[in-house]
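S.K.: One structure, pasted below without further comment.
Nothing in this text is a laboratory measurement; each read-out follows from the coordinates by a stated rule. On a predicted model such as this, the values are computed, not experimentally measured, just so you know. Cβ atoms come from the backbone with ideal geometry, glycine included; neighbour counts cover every protein chain shown.
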Amino acid sequence: MPSTHGQLVAGVDSSTQSCKVLVCDAETGEVVREGRASHPDGTEVDPGAWWTAYEEATVGGLLDGVSAISVGGQQHGMVTLDAADEVVRPALLWNDTRSAQDATDLIDEFGGAERWANDVGVVPVASFTVTKLRWLRRSEPDNLGRTRTCVLPHDWLTGRILKQGSGFERWTTDRGDASGTGYWSAGSGDYLPDVLDLAVGRPLDLPHVLGPTEAAGRTDSGLVVAPGTGDNMGAALGLGLRPGDAVISLGTSGTAFARHDAAISDASGAVASFADATGGFLPLLATLNAARVLTAGASMLGVDLAELDHLALAAEPGAGGLTLLPYLDGERTPNLPEATGSLHGLTRANATPENLARAIVEGMLTNLAEALDALRGQGVRVERVLLIGGASASRAVRALAADLFEAEVHVPASGEYVALGAARQAAATLVGSDQPDWDVRTDAVLEPNADAAGSVGELRGRYADLRTQLHGIQGK
Ligand SMILES: Nc1ncnc2c1ncn2[C@@H]1O[C@H](COP(=O)(O)OP(=O)(O)O)[C@@H](O)[C@H]1O
Ligand SMILES: O=C(CO)[C@@H](O)[C@H](O)COP(=O)(O)O
């Protein structure tokens, strides 16, 4: 492998809540500098805010001496551009559910969920870009009329970095992020013009899909800009996943995913057949509700996150029979865009802050335990779970995760794995080689407790029964 000795690379995680930038030693992956800035709240955002946050995160010479950079970004967001590459309207994000009806319409018009799963690899839900484009056609035809190009958040930020000077040649994306659009198939490796036409009614310019280490361009100052990828694909790169590893990420979204050797086809729509950023596959299930269930719970109890942990750990497993269905922002998997959260089983005896805190953590994690089961149901081998994302820092999450996931859980040393994965891709792109061998340190290894099987089984059963009763969705 060509030497990267003494060189620096940068990785960006432009995620839902913030922009994080790591500057790393290209040879070892050691983080030498970092910056971050917040994104505005809301499910539609002017892409200019991502650029402002990027500039804020890199202020003060953070990128000085950096040879290559790569952007990992929140998936699926619809960024519409006019003939002058100006943004037509604020981007609709992955967690915006206004296109739920469009998803249903597209499933019917294409001939059903099975055909979507087989031909495209995903069954539309409101998160996917294709449904957002259909919504634009239905609700804002003038804006669709002005739209020439549709790109994703990481594509836009990558292009924006190159547009600082004369380095921009064309809009680009990568396999990983393209696979979350609903009009590019991980199975065939191609855009699907017929599907796009079904949604939009006319062709659009789409970003060119780069190879895993094919540069998007070079800035005037000589900075190599790598292809970038979706944030979950970035995390997979940063963690250096091995066979038998599944990742649970507890960020704004909750995701469960693993590297796989082939595309999958899940007509239930739960597991999406995404591509990874190395030329492989990344079956993934996403929920709308994860870390922010804990922040909402803490604010409801009038405590901070540390106290929420303290309370939850002071309660008995099962929270005295209190059950939370954590669909606070609606839900994507199961597909319940209009749902709200439900707290069930309240009695005078169990009405304590401790039980409420416990039910909040248990409900959020049970949603992800069901996600892991769905992944297993697609033939994905899960020998250990790597737990990442902001809420992986929670003491209560760490105490409950291995029992609920029925697997050994490794918590990698606190780090920004999306940004780290992007930096790793930048290092590989710099020298046109395979991903460098960077060490991932482990913060904690959590073993499932055999004695907890009974209480976990009771909780899982109670949660599934409640979901079936309130939402009609069968499950474990
Ligand atoms: N100790 C903690 N306990 C619970 N949640 C936490 C903790 N630390 C951070 N978080 C939550 O993690 C979330 C941010 O995680 P992150 O993975 O960066 O999200 P995203 O990538 O979606 O922007 C925030 O909602 C924050 O409140
Ligand atoms: O929609 C998905 C995956 O399909 C989400 O995982 C987004 O990619 C946002 O991620 P975070 O900002 O929560 O990390």
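S.K.: Magnitude of the Cβ-charge dipole of the stretch 8-239, K/R +1 and D/E -1, about the Cα centre, nearest 20 debye? Please list the in-between numbers first.
M.R.: Values: 18 positive and 34 negative charges, 47 e Å.
Magnitude of the dipole: close to 220 debye.
S.K.: For the stretch 60-142, which GluC sites (Glu not before Pro) are in a loop by DSSP, counting at most 11 other Cβ atoms within 10 Å?
M.R.: Qualifying residues, ordered by number: E86.
S.K.: Specify which residue in the list L343, T255, Y54 is farthest towards the positive end of the charge dipole of the chain, using unit charges on the beta carbon of Lys, Arg (+1) and Asp, Glu (-1), about the Cα centre.
M.R.: After comparing all options, I get L343.
S.K.: How far apart, in nm, are the 7 Å Cα→Cβ label points at R395 and A262?
M.R.: 4.7
S.K.: Give me the angle, in degrees from 0 to 90, between the Cα long axis of helix 453-471 and the longest principal axis of the Cα atoms of the chain, rounded to the nearest 10.
M.R.: 70
S.K.: If I model a spin label at S299 and V87 as a point 7 Å from the Cα along the Cα→Cβ vector, what separation in nanometres do I get?
M.R.: Computed distance between label sites S299 and V87 equals 2.3 nm.
S.K.: Would you be so kind as to identify which of A199, G187, G234 lies farthest towards the positive end of the dipole of the stretch 8-239, taking Lys and Arg as +1 and Asp and Glu as -1 on Cβ and the Cα centre as origin?
M.R.: Comparing the listed Cα positions along the dipole, A199 ranks first.
S.K.: Which value in deg cm²/dmol, rounded to the nearest 500, describes the helix-derived mean residue ellipticity at 222 nm for the chain, given -39,500 (n - 2.57) per DSSP H run of n ≥ 4 and division by the residue count?
M.R.: Value at 222 nm, helices only, nearest 500: -10500 deg cm²/dmol.
S.K.: Separate question: Antiparallel as a % of all DSSP beta bridges within the chain, to the nearest 5?
M.R.: Just about 65 percent of them are antiparallel.
S.K.: For the stretch 313-404, treating each Cα as an identical point scatterer without solvent, what Debye log10 I(q)/I(0) comes out at q = 0.12, 0.21, 0.25 1/Å?
M.R.: -0.42, -1.13, -1.31
S.K.: When the Karplus curve 6.51 cos²θ - 1.76 cosθ + 1.60 is applied with θ = phi - 60°, which whole-Hz ³J(HN,Hα) does each residue of the stretch 219-231 get, with x for Gly and Pro?
M.R.: 6, 4, 7, x, 5, 6, 9, 6, x, x, 5, x, 5
S.K.: Give, rounded to the nearest 20 debye, the magnitude of the charge dipole that the chain has about its Cα centre when Lys and Arg contribute +1 at Cβ and Asp and Glu contribute -1 at Cβ.
M.R.: Taking the Cα centre of the chain as origin, the dipole is about 400 debye.
S.K.: Can you give me the angle between helix 47-57 and the longest principal axis of the chain, using Cα atoms only, in degrees from 0 to 90, rounded to the nearest 10?
M.R.: Helix 47-57 sits roughly 90 degrees off the main axis of the chain.
S.K.: What translational diffusion coefficient, to the nearest whole µm²/s, does the stretch 373-440 have by Stokes-Einstein, given a Kirkwood radius computed over alpha-carbon pairs, a temperature of 10 °C and 1.306 mPa s viscosity?
M.R.: Values: Rh = 14.1 Å.
Translational D for this selection: 112 µm²/s.
S.K.: Taking the dipole about the Cα centre of the chain, with the C-beta of Lys and Arg at +1 and of Asp and Glu at -1, give me whichever of T4, A296, L386 is farthest to the positive side.
M.R.: With unit charges placed on the Cβ atoms, the residue in question is A296.
S.K.: Report D for the chain in µm² per second (integer): Stokes-Einstein, Kirkwood Rh on Cα pairs, 10 °C, 1.306 mPa s.
M.R.: The estimated diffusion coefficient comes to 71 µm²/s.
S.K.: So for the pair D119, L313, with labels modelled 7 Å out along Cα→Cβ, what separation do we get in nm?
M.R.: A separation of 5.3 nm, rounded to one decimal place.
S.K.: Placing one identical point scatterer on every Cα of the stretch 145-255 and ignoring solvent, what is log10 I(q)/I(0) from the Debye formula at q = 0.09 Å⁻¹?
M.R.: Results for the stretch 145-255 at q = 0.09 Å⁻¹ read -0.28.
S.K.: Could you state the angle between the C-alpha long axis of helix 395-405 and the longest principal axis of the C-alpha atoms of the chain, as a value from 0 to 90 degrees rounded to the nearest 10?
M.R.: Roughly 80 degrees between the two axes.
S.K.: What does the charge dipole of the stretch 197-289 about its Cα centre add up to, to the nearest 20 debye, if the Cβ of each Lys and Arg holds +1 and the Cβ of each Asp and Glu holds -1? Walk me through the numbers on the way to the answer.
M.R.: Details: 4 positive and 9 negative charges, 22 e Å.
Taking the Cα centre of the stretch 197-289 as origin, the dipole is about 100 debye.
S.K.: Along the stretch 333-339, what does the Karplus equation 6.51 cos²θ - 1.76 cosθ + 1.60 (θ = phi - 60°) give for ³J(HN,Hα), rounded to whole Hz, x for Gly and Pro?
M.R.: Residue by residue, the stretch 333-339 yields 9, x, 6, 9, x, 9, 5 Hz.
S.K.: Turning to a different aspect of this structure: Only loop residues by DSSP count here, and only those with at most 13 other Cβ atoms within 10 Å; note down the trypsin sites (Lys or Arg not before Pro) in the stretch 381-475 that meet that. Spell out each step's value before the answer.
M.R.: Working: sites: R381, R384, R395, R398, R424, R441, R460, R462, R467; in loops: R381, R441.
For trypsin sites (Lys or Arg not before Pro) across the stretch 381-475 that sit outside H, G, I, E and B with at most 13 neighbouring Cβ atoms in 10 Å, the list reads R381, R441.
S.K.: Would you kindly state how much longer the chain becomes between Q474 and E140 on full extension, computed as 0.36 nm times their sequence separation minus their alpha carbon distance, in nm to one decimal?
M.R.: So the extension gain works out to 116.6 nm.
S.K.: Next up: Please express the shape of the stretch 8-239 as an equivalent ellipsoid: the semi-axes are the square roots of 5 times the eigenvalues of the C-alpha gyration tensor, given largest first in whole angstrom.
M.R.: 31, 18, 16
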